[in-house]
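The values are calculated or read from the model by the stated rules, or taken from the named source; none is laboratory data. Nothing here was measured: the structure is a model prediction, and the numbers come from that model. Cβ sites come from the backbone with ideal geometry, for glycine too, and all protein chains shown count toward neighbours.
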Amino acid sequence: MRIPRNTIQDRRAHSRLPVHLDCEFVWENSGYRAQVMDISLSGAFVSSRVVPPVRSPVKISLTTPKSKRTLVLEGKVARPGRFVGTRASIGFSVRFDRVTPEIFRLMKEAMAVSESQGREQLVAEA
C-alpha cells in the first residue's frame, strides 16, 4: 500500500503499534482513567472523555502487558482527535518528552503480545 505524501502517517518519525492498554493519566494534579490505543517511540493516542488542551503536560501510568510492570510516561498533548481502529473513540495524541528504555520495553512487549494473539487467531480460524 502506498501512503500519499503530506499525510500525518507520512510525517511520523516512528510507526505506531496498535495496543489497548488501560491507563491513568494525570493532568493538573487530577487523575483520569483512559486507554492507550496505539503507541510509538515518540508518542501515543490516549482514548479519554477528558481531553486536556494542546501543549498540556501529562503523565501516563500503565502496566506492561507481559511483565506487569508499572510505567510512567511523560509528555505533552500534541492534538485532540479521534481514534479510528477497531472502534472509534475520542481522545488526544501525546508526544513523549524523551524516548526512554521503558518505552522500548513496552513496545517490545506489546509487539510480542500482538504476534502471539495473531498466531492464536490464525489457529482459531483454521
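The strands (runs of 3 or more DSSP E) found wholly in segment 1-84 and carrying at least 2 residues that are hydroxyl-bearing (Ser, Thr, Tyr), at pLDDT 85 or above and over 15 Å from the mean Cα position of the chain (by Cα) occupy 30-39.
Against the test of being in contact with a Lys or Arg (Cβ under 6 Å, 6 or more places away or on another chain), surrounded by 13 or more Cβ atoms within 10 Å (Cβ to Cβ), free of Cβ contacts under 8 Å to residues at least 60 places away in the same chain and basic (Lys, Arg), the options LYS59, LYS76 yield a single qualifying residue, LYS76.
Residue count for segment 44-70 satisfying the condition of being of a type outside the set (Val, Ile, Thr) and touching a Leu at 6+ places or on another chain (Cβ under 6 Å): 1. Exactly one residue among SER42, SER47 is free of Cβ contacts under 8 Å to residues at least 60 places away in the same chain, out of contact with any Ser or Thr (no Cβ under 6 Å at 6 or more places or on another chain) and among the small types (Gly, Ala, Ser), and that residue is SER42.
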